[in-house]
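S.K.: Below is one structure. I have some questions about it.
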Amino acid sequence: MLTLNDIQPQKNEIYLDNNATTPVLPQAAEAAMHTMQLCYGNPSSSHITGLKAKYILETTRSLVRKVIGATSGGITFTSGATEGIQTAIISALNAAREKGISQKNPLLLYGATEHKAVPETLKHWNAMLNIGAEVLAIPVDENGILDVEFIKLHIADALVICTMAANNETGVFQDLDLLESVIRNGNKDVLWMVDCVQALGKLSLNISETTIDYAPFSGHKLYAPKGIGVLYVRENAPFTPFIAGGGQESGLRSGTENLPGIAALHAILSLLDSEHDDTFKDHETLVRYRQQMFDTLTEVFPDIIFNHDFKYSLPTTLNFSVKGLSSKEIMDLFDAARIRVSSGSACSSKVTGSFVLDAMGKPKWQSEGAIRMSFGPATTQQEIDQACQAIKQAVKALHHSCLMLSDTHDTSEFGVDGLQQWVYDQQCTWCYVDKAAKECVVIDVVPELVNKFEKLVKCQGYKVIAVLDSHRHEHQVLTPEMVRELIPEHIAAGHFNLLGWPAESKIVRLANGQQVPAITVGGKILAQLPIPGHTENSVAYLLGEIDGDDLLAENVDYVFVGDSIQIGGLGRTDLAQSNAQSMYESLQTLNGTVIDSTLICPSHDYQSLFSTSLAMEKKTNPLLNGVLNQSLSVEEFTKQKVSIDQQLPESENPCFCGQISFSSDEIGNLAPNELESFMVKHPKATVVDVREVHEYEAYPEAYVAGKQLVNVPLSQLTEFVHNFQHSNDDHEFICICRSGNRSDAAAKVLKRNGFAKVYHVPGGFALLS
Ligand code: PLP
């Protein structure tokens, strides 16, 4: 196991995610350490050690008052803003309950772009305290500004209204003076909470000059450690303790105070309050930084769009989307380049957008592709220079991997060669490229991946020999046509049938003696073999090297089977155009044209196993095994197939025909701190970086235990398996990626394909410094 000291920041790391949390300033860390080691007393103790602690507690409280302009009202230390929000909302709801709710339709209002802590807390305590109010979002306009007309309309019925000083995703700030006049004109008594988390240190606050009732703050958003926060409560505003107990904080918040956190906050607030210290930059400097970042981003991403108007935003946040690039691609790129940013959406294949940008009415692609870069008020000019430099460097990798087209970057020495597998929502698109001949063919292109293919073709100037489907269901999108219309200048001339097969093709003989049509792609031949069963028009494509007019079984590199063979199953045969008997015959035909180890490439991959072979299927797919060794009659096969298909729900079901479970026990785990010594003992081992090309290129100087990496993206893993399938069994491969997920998957695939000595590094680059 790694020790804590083994976990270190990566060299040259650039942190641009200050809205999520900030690093702790050395002054704050020293103050916390000083308090822990020397002033460790309990502020409630009456002896001298306790009194010293009490002094730290109360002087910090005074500093908080000064910095936020709280000449009156209460300042309570909390564990962070979420606790402050709970306390404020419970206090407001409890007061409403005690006073009696006179409104017919009582409302709990909150801004549509509030941090989730606010609406979730409102809903939770509304239910827990049995308030029975409606929790209603106040809409925002395209700039993220709250709709004051909506507030005017509803404020009379509101028990509480929650707004925020500045938004965490966009930095958009609200006009608190305007809000105050609208709120108080409409309802003098409504309790008003303003989430001030992102405003501290960036906006000047004179809280006692406002009628804000509750204002939560959080230390870790301003260079103090996590676990310390502050809640301001206006004088005479109702208060219900959220934590009861020993009566600390004048009974308002029990529990021994987090004195190290409070001391750290003290250090930060002292810097903020000092006229001589320049740790915290003035507004103009921060605006200059933003301009520099803006200039860099617009230079490297010509298709960038900013998701907020800088006029209404704090200078420390830039939220943007880039046309043609997903937030995942940008995040992965930046993370590999050691630049930490965050995305507005979840990083999964099913992308979800940002609710903040959705509320602002931004188009779906902007919301789903959003990236947030946030620096802090203590960021230095040098850090901004380094960040801009690193961004420029990183984005070059996108040109190399053809994710972004460019007139100025020569991509000829980069780009892919051989077989590519792109997966979208467990559907596989297979693209074979002959780089030298500049020719390619694509099979079963998923509509969502059409643009990826387009970029690759345009970036490298490839000629597309054919855009093929392995079969066609009724009402299916005509992707071959769609692609041909998108890039007509790259497509070979001629006529194509419904599956995209060109009218002009030659004839080759397969190992079973069958003569079938074929086309040439660079140095290889692609033959089309009908395999009806799943659908009437199902075909297999066999890619290999021709010998005279023959495509011998041992010369077939890959066979693309569409849905007919799944990894661990067979395509369903209960559709309108299916026929189980035909499938039985087709499987036997196919068996006569390839060898047992030929890689079978299906158009679905439900278990991240990438490809399979007849040899592997015979072990794990009893139905297919029965057909191939002829232990199953066609009648028996049909009977079993019908029964399996009947267990599948209607259409679009991901589980076509039972799935194999694959044990991963034999894969060796190599902890990051074991790598050095492993490499000394096994100097010939290959470290395989399975991240995508742009991630690898983003920081090409990354070495692992002094060893240069071999980049085999998951999209090229099947090609890698093919190339090394029959070579030295004893060679050792260590798979590594960003966090350990992809390397785990890759190692399992290699193992399944007969690679004997495979390891992976759990935790991946994230745990290497
Ligand atoms: N409010 C806003 C605007 C925030 O950005 C955050 C943190 O992301 C919170 C509330 C929650 O703060 P804490 O992490 O201190 O509970």
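S.K.: With a ≥ b ≥ c the root eigenvalues of the C-alpha gyration tensor of the range 283-400, is it rounded (a/c under 1.5), prolate (a/b larger than b/c) or oblate? Walk me through the numbers on the way to the answer.
M.R.: On the way: a/c = 1.82, a/b = 1.20, b/c = 1.51.
Oblate, since a/c reaches 1.5 and b/c is not below a/b.
S.K.: Structure shown: which of Lys66/Lys152; Lys323/Lys396; Lys221/Lys328; Lys202/Lys323 lie over 22 Å apart, alpha-carbon to alpha-carbon? Before the final figure, lay out the partial values.
M.R.: Numbers: Lys66/Lys152 33 Å; Lys323/Lys396 17 Å; Lys221/Lys328 25 Å; Lys202/Lys323 31 Å.
Lys66/Lys152; Lys221/Lys328; Lys202/Lys323, as the Cα separations exceed 22 Å there.
S.K.: Moving on. Points 7 angstrom from Cα along the Cβ direction at Asn497 and Lys116: gap in nanometres?
M.R.: A separation of 5.1 nm, rounded to one decimal place.
S.K.: Now for a separate question. Could you check the simple spin-label distance between Glu554 and Ile101, using points 7 Å along Cα→Cβ, in nm with one decimal?
M.R.: 8.1
S.K.: Ignoring everything but the protein chains, give the 1.4 Å probe accessible area of Tyr699 in square angstrom, nearest 10.
M.R.: 30
S.K.: So how tilted is helix 283-300 from the main axis of the chain? Cα-based, degrees 0 to 90, rounded to 10.
M.R.: 10
S.K.: Once neighbouring chains are kept in place and the probe is 1.4 Å, which whole percent of the accessible area of the range 418-660 is contributed by carbon and sulfur?
M.R.: Values: 4710 of 9680 Å².
Its accessible area is 49 percent carbon and sulfur atoms.
S.K.: Specify the angular offset, from 0 to 90 degrees and rounded to the nearest 10, of the alpha carbon long axis of helix 580-591 from the longest principal axis of the alpha carbons in the chain.
M.R.: Relative to the chain, helix 580-591 is tipped by roughly 80 degrees.
S.K.: How would Ile89, Ile101 line up by accessible area, probe 1.4 Å, largest first?
M.R.: Working: Ile89 0, Ile101 60 Å².
If we order Ile89, Ile101 from most to least accessible, we get Ile101, Ile89.
S.K.: From the phi of every residue in the range 74-80, what ³J(HN,Hα) in whole Hz does the Karplus formula 6.51 cos²θ - 1.76 cosθ + 1.60 yield, where θ is phi - 60° and glycine or proline is x?
M.R.: x, 10, 10, 7, 10, 8, x
S.K.: Skip the ligands, DNA and RNA, and give the accessible area per residue of the range 418-660 with a 1.4 Å probe, whole Å².
M.R.: Details: 9680 Å² over 243 residues.
Accessible surface, normalised per residue, equals 40 Å².
S.K.: Next up: Please list 3J(HN,Hα) in residue order for the range 592-602, calculated via the Karplus relation 6.51 cos²θ - 1.76 cosθ + 1.60 where θ = phi - 60°; whole Hz, with x for glycine and proline.
M.R.: Once θ is set to phi - 60°, the couplings for the range 592-602 become x, 10, 9, 9, 4, 9, 4, 6, 9, 10, x Hz.
S.K.: Among DSSP beta bridges lying fully in the range 418-660, give the percent that are antiparallel, nearest 5. Provide the component values of the computation, followed by the final result.
M.R.: On the way: 36 of 48 bridges.
So the antiparallel bridges amount to about 75 percent of the total.
S.K.: Can you compute the modelled spin-label distance between Thr352 and Val477, with each label point 7 Å from Cα toward Cβ, in nm?
M.R.: For Thr352 paired with Val477, the spin-label model returns 2.3 nm.
S.K.: Continuing with this model, one more query. Based on the alpha-carbon gyration tensor of the chain and its eigenvalue square roots a ≥ b ≥ c, which shape applies: rounded if a/c is under 1.5, prolate if not and a/b is larger than b/c, or oblate? Intermediate results must be reported in sequence, preceding the final value.
M.R.: On the way: a/c = 2.26, a/b = 1.99, b/c = 1.14.
Verdict is prolate for the chain.
S.K.: Once you sort the root eigenvalues of the Cα gyration tensor of the range 1-140 as a ≥ b ≥ c, which label holds: rounded (a/c under 1.5), prolate (a/b larger than b/c) or oblate (the other case)? Before the final figure, lay out the partial values.
M.R.: On the way: a/c = 2.49, a/b = 1.48, b/c = 1.69.
It is oblate, given that a/c is not under 1.5 and a/b is not larger than b/c.
S.K.: As I understand it, the value is the acute angle between the Cα axis of helix 381-400 and the longest principal axis of the Cα atoms of the chain; what does it come to in degrees, rounded to 10?
M.R.: 20
S.K.: With a 1.4 Å probe and all protein chains kept in place, how do Met33, Met1, Met373, Met482 rank by accessible area, largest first?
M.R.: Values: Met33 95, Met1 205, Met373 0, Met482 70 Å².
Highest to lowest solvent-accessible surface, that is Met1, Met33, Met482, Met373.
S.K.: Here's something else I'd like to know. Which of the peptides 628-639, 714-725 is most tightly packed, and how do the rest follow, going by the mean number of other Cβ atoms within 10 Å of each residue?
M.R.: Working: 628-639: 14.1, 714-725: 20.2.
Most protected by this proxy first, the peptides run 714-725, 628-639.
S.K.: So what is the 222 nm mean residue ellipticity for the chain from helices alone, if each DSSP H run of at least 4 adds -39500 (n - 2.57) and you divide by all residues, rounding to the nearest 500 deg cm²/dmol?
M.R.: On the way: 22 runs with 246 residues, N = 769.
Value at 222 nm, helices only, nearest 500: -9500 deg cm²/dmol.
The values are calculated or read from the model by the stated rules, or taken from the named source; none is laboratory data. Just so it is clear, the model here is predicted, and its values are computed rather than measured. Note that we place each Cβ from the backbone using ideal geometry, even for glycine, and neighbour counts take in every protein chain shown. Side chains are part of the model used for accessible areas, which takes the heavy atoms of the whole protein and leaves out ligands, DNA and RNA. Shrake-Rupley method; radii C 1.70, N 1.55, O 1.52, S 1.80 Å.
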